[in-house]
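The values are calculated or read from the model by the stated rules, or taken from the named source; none is laboratory data. These numbers come from a predicted model, not from an experiment. With ideal geometry, Cβ positions are generated from the backbone for all residues, glycine too; neighbour counts draw on all protein chains shown.
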Ligand SMILES: Cc1ncc(COP(=O)(O)O)c(C=O)c1O
């Protein structure tokens, strides 16, 4: 595990961790929803707004040049963070994962798909990776197919090979379930998609913040991610897509900054990536997200992943001793990221969440934007605890003690 001194150092980078909740020291286990922000990200945002908050790519004056340089540097940092070739311009800034998936749905799906085509999904997807495809299917006549889930919410090779077929044009799948932490067998999925000439979209909202990412290794066609889940600000994220696809695709939004020439009745488009970035971008957000990515790279994504694996094993062992806890998701450690969804026998998830709040523990309760997965498990919601680099085994001990106490009260 990352040594305790490392963790103490890391924790001191996050001002919110000095805070209290309901008068207790904060235990922040809601990282699946959003992560806390290190001081360095606040400084980057503050620096832009305080010192050089000009618009980019337009001004001929120094302040605008400074903003432009910082924005362009932010994109270069994201290239490094994701292993993208800087020459190719394959990262588009968006508002986050939801907008990135909508971009692919509208700019690619709506224009390319037809009644003969199939989009393959799973029932464990976040609503952001289901609802846009439902709209594409409605408008284009394409069909949706779902790789079957096992009882514990995982995928098996047979189901993957049986669902992805010659009509599949796209497999859109999460890199890590935001409910169970399950990491699906991406290699098998990609192999089957490639075999049938289908594209792969990876919903990286959870995956990207917890794993070292190299898009060359991941070898997906689209990768959507959110800045706020990787220690960055809200309202910013991105889409990686292969250059050849970006060149073929129609723009998503239309207006200023995405054009080459505008005439009264027709226009032509700017190069990739600007073609997909109409209007004034979230300049501060991009700068803040890049500061977060730089911070995570300095800590080391491998160390973060290792630390979380250790926390997972610790949590799993601790929860396994409580016979009134039902844990959802894979049994195998190797398939699980740092997200635990559970229910306590006979107790409503919201009651658990409220009592944990009284103990200073922040968790999420409900259906986690994944109603089809809840239906699969035959439940309406869970209590979800999700970790990040600054969480510790002591916090897990405190969480488990709090569960024991509240179960005693509620039963
Ligand atoms: C797996 C997954 N996909 C998509 C999203 C949507 O991300 P955002 O709300 O940042 O667009 C989330 C957010 O929780 C998620 O966990």
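Just to be sure I understand the filter: pairs with C-beta atoms under 8 Å, separated by 6 or more residues or on different chains, first member in the stretch 128-140 and in contact (Cβ under 8 Å) with a residue 60 or more places away in the chain and more than 16 Å from residue 169 (Cα to Cα), second member within 16 Å of the ligand (Cβ to nearest atom) and assigned to a helix (DSSP H, G or I). Which pairs pass?
Qualifying pairs under 8 Å: 128/97; 128/98; 128/101.
Hey, any hits in the stretch 257-273 for a residue that's in contact with a helix residue (DSSP H, G or I) (Cβ under 6 Å, 6 or more places away or on another chain), free of Cβ contacts under 8 Å to residues at least 24 places away in the same chain and either closer than 19 Å to residue 67 by Cβ or assigned by TED's automatic domain parsing to the domain that holds residue 179 (or both)? Can you show your working first?
Of all residues in the stretch 257-273, those in contact with a helix residue (DSSP H, G or I) (Cβ under 6 Å, 6 or more places away or on another chain) come to 258, 269, 272.
In the following step, the residues that additionally are free of Cβ contacts under 8 Å to residues at least 24 places away in the same chain were identified as 258, 269.
Pick out the ones that are also either closer than 19 Å to residue 67 by Cβ or assigned by TED's automatic domain parsing to the domain that holds residue 179 (or both) and you get 258, 269.
The answer is yes, given that some residue of the stretch 257-273 is in contact with a helix residue (DSSP H, G or I) (Cβ under 6 Å, 6 or more places away or on another chain), free of Cβ contacts under 8 Å to residues at least 24 places away in the same chain and either closer than 19 Å to residue 67 by Cβ or assigned by TED's automatic domain parsing to the domain that holds residue 179 (or both).
Anything in the stretch 208-226 that is more than 8 Å from the ligand (Cβ to nearest atom) and outside any loop (DSSP other than H, G, I, E, B)? List them, or say none.
208, 209, 210, 215, 216, 217, 218, 222, 223, 225
If I ask for residues that are in a helix (DSSP H, G or I), at pLDDT below 95 and either farther than 14 Å from residue 223 by Cβ or within 16 Å of the ligand (Cβ to nearest atom) (or both), which ones from the stretch 80-90 would you list?
Those that are in a helix (DSSP H, G or I), at pLDDT below 95 and either farther than 14 Å from residue 223 by Cβ or within 16 Å of the ligand (Cβ to nearest atom) (or both): 86, 87.
Being away from the ligand (no atom under 16 Å from the Cβ) and crowded, with 17+ Cβ neighbours inside 10 Å: is that true of residue 156 here?
no
Report, by residue number, each residue of the stretch 91-136 that is more than 11 Å from the ligand (Cβ to nearest atom), part of a loop (DSSP other than H, G, I, E, B) and either surrounded by fewer than 22 Cβ atoms within 10 Å (Cβ to Cβ) or at pLDDT below 95 (or both).
114, 115, 116, 117, 123
Output the strands (runs of 3 or more DSSP E) that fall wholly within the stretch 294-397 and possess 2 or more residues being under 30 Å from residue 78 (Cα atoms), or say none. I'd like the intermediate steps shown before the answer.
On the way: elements: 325-328, 339-344, 364-366, 382-386.
Filter on the stretch 294-397 gives 339-344, 382-386.
Quick one: how many residues across the stretch 168-181 are surrounded by fewer than 24 Cβ atoms within 10 Å (Cβ to Cβ) and either within 11 Å of the ligand (Cβ to nearest atom) or within 13 Å of residue 210 (Cα to Cα) (or both)?
Matching residues across the stretch 168-181 total 1.
Here is a list of conditions, (1) over 25 Å from the mean Cα position of the chain (by Cα); (2) surrounded by 20 or more Cβ atoms within 10 Å (Cβ to Cβ), and residue 14 meets all of them except one; can you say which number that is?
Condition (1) is where residue 14 drops out.
Any idea which of 396, 379 is farther than 30 Å from residue 13 by Cα and not assigned by TED's automatic domain parsing to the domain that holds residue 124?
Numbers: 396 fails: farther than 30 Å from residue 13 by Cα.
Only one candidate passes the filter, namely 379.
Residue 328: in contact with a helix residue (DSSP H, G or I) (Cβ under 9 Å, 6 or more places away or on another chain), closer than 18 Å to residue 184 by Cβ, in contact (Cβ under 8 Å) with a residue 60 or more places away in the chain and outside the structural domain of residue 154 (by TED's automatic domain parsing), yes or no?
The answer is yes for residue 328.
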